[in-house]
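Enquirer: This structure is in structure tokens; I'll ask about it shortly.
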Amino acid sequence: MERHERIVDILSHSVGTYFKENKPYRIFHGSSNSTRPRPTGNIIDISVLDKVIAVDQGRHTVLLEPNVPMDRLVEATLAYGLIPPVVMEFPGITAGGGFAGTSGESSSFRHGFFNDTINYVEMILGNGEVIKASPTEHSDLFYGAAGAAGTLGVTTLMELRLIEAKPFVKTTYHRTHSVNESVSLAQSKSQEQTLDYVDGILFAKDHGVIVTGQMVNELPAHHGPPQTFSNAKDPWYYLYVQEKTKDFASHQIAVDYLPIGEYLFRYDRAGFWVGRHGYVYFKYIPFNSFFRWLLDDFSHTRTLYHALHASGVANQLVVQDLALPYDTAEQFIDFVDNELGIWPLWLCPLKGARTPTFHPVTMKDAAAAGNAGTAVSRPMLNIGVWGWGPREYEDFVAKNKELEAKLDELGGRKWLYAHTYYSEQEFWQIYSQPWYQSLRTKYHASTLPSVYDKVRVDVESERRRRKQWIPDWSKIWPLGGLYGMWLAVMSGDIRLHRHAQWHYKVGGHAAARKIA
């Protein structure tokens, strides 16, 4: 802890100096799976806070710094037969990002968002003071900072609860033939407490798959090797599920056994299905198993997001997670189909969240919290919408604003990791500005950007940029894509997946085999 305390002391001094001089600054943690622009100007660089400090096997807890990515966290805790209750699907997402953002995954129907599994956080306040926030100490900050995009202070340490791990996940694919059936089955499965994981993929209105998972200690007798998705020769997970279930009758099921690490990071290759758009972008590269094997290094999410940011392709994609009440989810999916034609869609049941919050809750729940203090929202269904938007910028903005308006009409909320097109007035009609501003004032956060400043898209600035006579060569096909690939190679992240300890290796020493 001596190293950690020394770093925090230096950071707190820098923060305090900015506060005294009334200079705004932003926090840089070294990597991002967000599609928001990267920070510039005055920066507090916390990228060195990337260590797992200690795993307490007896208490089922882990003490870690905020820039520990999910794959390293899982590897560290699996060595003790433990895992975090909520693990973000992408290996490179950090614990700090999970706390400051909204992180709901296939276990969130049971355990809530990632921040719901945290015992306490250490934070540097806007004036440089270092405090601990928990459900019993500075609880307003503890709950308010979760999902507030790092705008209430600098998170430097956290203690996370752990649960017992088992080596394999019995994964069951339930075929559905309508949107209504898919939504209903996702809701009913999320009420089964014997399950550890629930999510779903809608490939089309008449082809859905709700996927449930149960951790188990061993494979059935005479079972062959478990299914894996992390190796270059393995199928992409979503393509595998689509092919496996395409001819199934309604309610027909299939069962696989996945090593625990392979299940947790099953969407890493292709970033769910965003990687498919790279092949669309380059046009002339065949989308087949050979080229997916050949270009595998570029399909892993760390590399994929480097390329997305650098190439400008992220600005051409609709990348949104949107949570709705179950009774309006089908209407929203119909709207997405009619207006954007984006498929597949991801379905993820979410447990209710404490309000007020920046997490997705129903508008009725948000209003109730505003009238009666804190409350817990009802469960919701998250819908992941990730695909190409309109080519023309004005059409792209218009469709995103229509998406936001429809979401509001149907009582839902979006996740704030992605592009947000609300005006400031519209934004604060959705989120509680008095609650948020009182936290900003109480905890001296005036020199940090507001959450609206961090998440909004500056449409007018982008319009002006596009009118300049100097072309943005990164937007010229295929230079932008090639530049993104080059930066991904130079970052070094392209090699990280090759050395991951969570990969399952038959007869080897993969993490899944260490749990016994």
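The values are calculated or read from the model by the stated rules, or taken from the named source; none is laboratory data. This one's a predicted model, so the numbers in the text were calculated from it and none came from an experiment. Every residue, glycine among them, receives a Cβ derived from its backbone with ideal geometry; neighbour counts consider all protein chains shown. Protein only, heavy atoms only, side chains kept; ligands, DNA and RNA dropped before computing areas. Shrake-Rupley method; radii C 1.70, N 1.55, O 1.52, S 1.80 Å.
Enquirer: Which pairs do you get when a residue that is of a type outside the set (S, T, N, Q), found in the stretch 38-50, comes within reach of a residue that is modelled with pLDDT of 95 or more and open to solvent by 60 Å² or more (accessible area, probe 1.4 Å), reach meaning Cβ atoms under 9 angstrom, with the pair 6+ apart or on two chains?
Expert: Taking only residues 6 or more apart or on different chains, the pairs are Asp50/Arg72.
Enquirer: Take the residues in the stretch 372-392 that are touching a helix residue (DSSP H, G or I) at 6+ places or on another chain (Cβ under 6 Å) and within 21 Å of Asn315 (Cα to Cα); name whichever of them is surrounded by the fewest Cβ atoms within 10 Å (Cβ to Cβ).
Expert: Among those residues, the one meeting the criterion is Pro390.
Enquirer: Also: If Ala54 satisfies every condition in (1) of a type in the set (A, V, I, L, M, F, W, C); (2) free of Cβ contacts under 8 Å to residues at least 40 places away in the same chain; (3) crowded, with 22+ Cβ neighbours inside 10 Å but one, which is the exception?
Expert: Condition not satisfied by Ala54: (3).
Enquirer: Scan (1) within 18 Å of Val319 (Cα to Cα); (2) open to solvent by less than 50 Å² (accessible area, probe 1.4 Å) for the single condition Asp395 breaks and write down its number.
Expert: (2) is the only condition that Asp395 fails.
Enquirer: Which one of these does Ala366 not meet: (1) at pLDDT 95 or above; (2) under 21 Å from Asp116 (Cα atoms); (3) in a helix (DSSP H, G or I); (4) not basic (Lys, Arg)?
Expert: Ala366 satisfies all of (1) at pLDDT 95 or above; (2) under 21 Å from Asp116 (Cα atoms); (3) in a helix (DSSP H, G or I); (4) not basic (Lys, Arg) except (1).
Enquirer: Only one residue in Arg466, Arg495 is open to solvent by 100 Å² or more (accessible area, probe 1.4 Å), over 15 Å from Gly312 (Cβ atoms) and either β-branched (Val, Ile, Thr) or at pLDDT below 90 (or both). Which one? Give the steps one after another, and end with the answer.
Expert: Details: Arg466 fails: over 15 Å from Gly312 (Cβ atoms).
None of the others qualify; the one that does is Arg495.
Enquirer: Counting residues that are under 19 Å from Met70 (Cα atoms), open to solvent by less than 40 Å² (accessible area, probe 1.4 Å) and among the hydroxyl-bearing types (Ser, Thr, Tyr), which helices (runs of 4 or more DSSP H) fully inside the stretch 237-335 reach at least 2?
Expert: On the way: elements: 237-245, 260-264, 276-282, 289-294, 301-311.
Qualifying helices (runs of 4 or more DSSP H): 301-311.
Enquirer: Continuing with the same structure: Can you run down the residue pairs with Cβ atoms below 7 Å, 6 or more apart or on separate chains, where the first is in the stretch 127-138 and under 15 Å from Leu160 (Cα atoms) and open to solvent by less than 60 Å² (accessible area, probe 1.4 Å) and the partner is of a type in the set (S, T, N, Q) and in a strand (DSSP E or B)?
Expert: Qualifying pairs under 7 Å: Ser134/Asn119.
Enquirer: Turning to a different aspect of this structure: For Arg276, all conditions in the list (1) in contact (Cβ under 8 Å) with a residue 12 or more places away in the chain; (2) within 23 Å of the chain's Cα centre (by Cα) hold save one; what is the number of the exception?
Expert: If we test Arg276 against (1) in contact (Cβ under 8 Å) with a residue 12 or more places away in the chain; (2) within 23 Å of the chain's Cα centre (by Cα), just (1) comes out false.
Enquirer: Write out, first by first residue and then by second, each pair whose Cβ atoms fall under 8 Å of each other, whose residues are 6+ apart or on separate chains, and whose first residue, in the stretch 324-341, is farther than 20 Å from Val361 by Cβ while the second is in a loop (DSSP other than H, G, I, E, B).
Expert: Within 8 Å, the pairs are Val336/Ile342; Asp337/Lys205; Asp337/Trp343; Leu340/Gly389.
Enquirer: Follow-up question, since we're still on this one. Could you list all residues from the stretch 498-508 that are more than 24 Å from Gly30 (Cβ to Cβ) and at pLDDT 85 or above?
Expert: Of the residues in the stretch 498-508, the ones more than 24 Å from Gly30 (Cβ to Cβ) are 504-508.
Scanning the stretch 498-508 gives a single hit, Tyr504.
Enquirer: Would you mind stating whether Gly147 is part of a helix (DSSP H, G or I) and either modelled with pLDDT of 95 or more or not hydroxyl-bearing (Ser, Thr, Tyr) (or both)?
Expert: On the way: part of a helix (DSSP H, G or I): no; either modelled with pLDDT of 95 or more or not hydroxyl-bearing (Ser, Thr, Tyr) (or both): yes.
Here the answer is no, as Gly147 does not meet what is asked.
Enquirer: A further question follows. In the stretch 176-196, how many are crowded, with 23+ Cβ neighbours inside 10 Å and not polar (S, T, N, Q)?
Expert: Quick first cut of the stretch 176-196, residues crowded, with 23+ Cβ neighbours inside 10 Å only: 176, 182-183, 186, 190.
Those left that are additionally not polar (S, T, N, Q): 183, 186.
Matching residues across the stretch 176-196 total 2.
Enquirer: Leu410: touching a Ser or Thr at 6+ places or on another chain (Cβ under 9 Å), aliphatic (A, V, I, L, M) and within 21 Å of Asn338 (Cβ to Cβ), yes or no? Give the derivation first.
Expert: Values: touching a Ser or Thr at 6+ places or on another chain (Cβ under 9 Å): yes; aliphatic (A, V, I, L, M): yes; within 21 Å of Asn338 (Cβ to Cβ): yes.
Against the criterion (touching a Ser or Thr at 6+ places or on another chain (Cβ under 9 Å), aliphatic (A, V, I, L, M) and within 21 Å of Asn338 (Cβ to Cβ)), Leu410 qualifies.
Enquirer: In the stretch 279-320, what residues are among the small types (Gly, Ala, Ser) and modelled with pLDDT of 90 or more? Steps first, answer last, please.
Expert: Taking the stretch 279-320 and keeping what is among the small types (Gly, Ala, Ser), we get 289, 299, 307, 310-312, 314.
Hits for the stretch 279-320 are Ser289, Ser299.
Enquirer: Output the number of the condition that Met1 fails; it satisfies all remaining conditions of (1) modelled with pLDDT of 95 or more; (2) open to solvent by 60 Å² or more (accessible area, probe 1.4 Å).
Expert: Tallying (1) modelled with pLDDT of 95 or more; (2) open to solvent by 60 Å² or more (accessible area, probe 1.4 Å), Met1 fails exactly one: (1).
Enquirer: Another one. Within the stretch 434-451, count every residue that is out of contact with any Leu (no Cβ under 8 Å at 6 or more places or on another chain), surrounded by 14 or more Cβ atoms within 10 Å (Cβ to Cβ) and within 26 Å of Gly411 (Cα to Cα).
Expert: Adding up the residues that qualify gives 3.
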